[in-house]
Amino acid sequence: QVQLVESGGGLVQAGESLRLSCAASGRTFNSYSMGWFRQAPGKERDFVATISWNGGTTYYADSVKGRFTISRDNAKNTVYLQMNSLKPEDTADYYCAATTRFAPLAPSLYNYWGHGTQVTVSS
């Protein structure tokens, strides 16, 4: 069982940056691939980024490639999402998730989810 708690969301202006954090409970954090997803009002939950258990493999959605960076610190049981050059279309609730699979993109392949943190980007 893994419990996930996101933090770091907020209201920023377009072009600014935010760093989201996701703290995980449990001793086996380094056994899980971790992903970030986002869901805007009235839309489906979309893939943002994922990172393998040792950080050696990462994948990004095309919409965030070059602007967002996913990373993890297994000693701190934490995964991060550095978001730069934010755009109004990045506005959404952001969720982290954990899976025993290898860095999948599909939300359905993740076993554990946090409750989300809200990111609002004003123009």
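Quick notes on this structure:
- The residue that is most open to solvent (accessible area, probe 1.4 Å), among those in the range 51-74 that are of a type in the set (S, T, N, Q) and under 11 Å from the mean Cα position of the chain (by Cα), is Thr69.
- Residue within the range 68-82 that is among the aromatic types (Phe, Trp, Tyr) and modelled with pLDDT of 95 or more present: yes
- The range 53-79, residues that are part of a loop (DSSP other than H, G, I, E, B), within 19 Å of Ala24 (Cβ to Cβ) and of a type outside the set (S, T, N, Q): Trp53, Gly55, Gly56, Ala75, Lys76
- Some residue of the range 75-97 being closer than 24 Å to Leu11 by Cβ, aromatic (Phe, Trp, Tyr) and open to solvent by 50 Å² or more (accessible area, probe 1.4 Å): no
- Residue match in the range 37-50 (condition: at pLDDT 95 or above, in a loop (DSSP other than H, G, I, E, B) and surrounded by 15 or more Cβ atoms within 10 Å (Cβ to Cβ)): no
- Output for the range 3-17, where each listed residue is over 18 Å from the mean Cα position of the chain (by Cα) and outside any strand (DSSP E or B): Ala14, Gly15
- Tabulated pairs, the range 1-28, first free of Cβ contacts under 8 Å to residues at least 24 places away in the same chain, second assigned to a loop (DSSP other than H, G, I, E, B), C-beta under 9 angstrom, 6+ apart or interchain: Arg27/Asn77
- Residues that are of a type in the set (D, E, K, R), out of contact with any helix residue (DSSP H, G or I) (no Cβ under 9 Å at 6 or more places or on another chain) and either open to solvent by 30 Å² or more (accessible area, probe 1.4 Å) or in a loop (DSSP other than H, G, I, E, B) (or both) are absent from the range 100-114 altogether.
- Odd one out for Ala14, checked against (1) open to solvent by 30 Å² or more (accessible area, probe 1.4 Å); (2) out of contact with any Lys or Arg (no Cβ under 9 Å at 6 or more places or on another chain); (3) under 19 Å from Asp62 (Cα atoms); (4) not charged (D, E, K, R): (2)
The values are calculated or read from the model by the stated rules, or taken from the named source; none is laboratory data. Fair warning: this is a prediction, and the values are worked out from it, not measured in the lab. We place every Cβ from the backbone using ideal geometry, glycine too, and count neighbours over all the protein chains shown. Heavy atoms of the whole protein, side chains included, go into the accessibility calculation; ligands, DNA and RNA do not. Shrake-Rupley method; radii C 1.70, N 1.55, O 1.52, S 1.80 Å.
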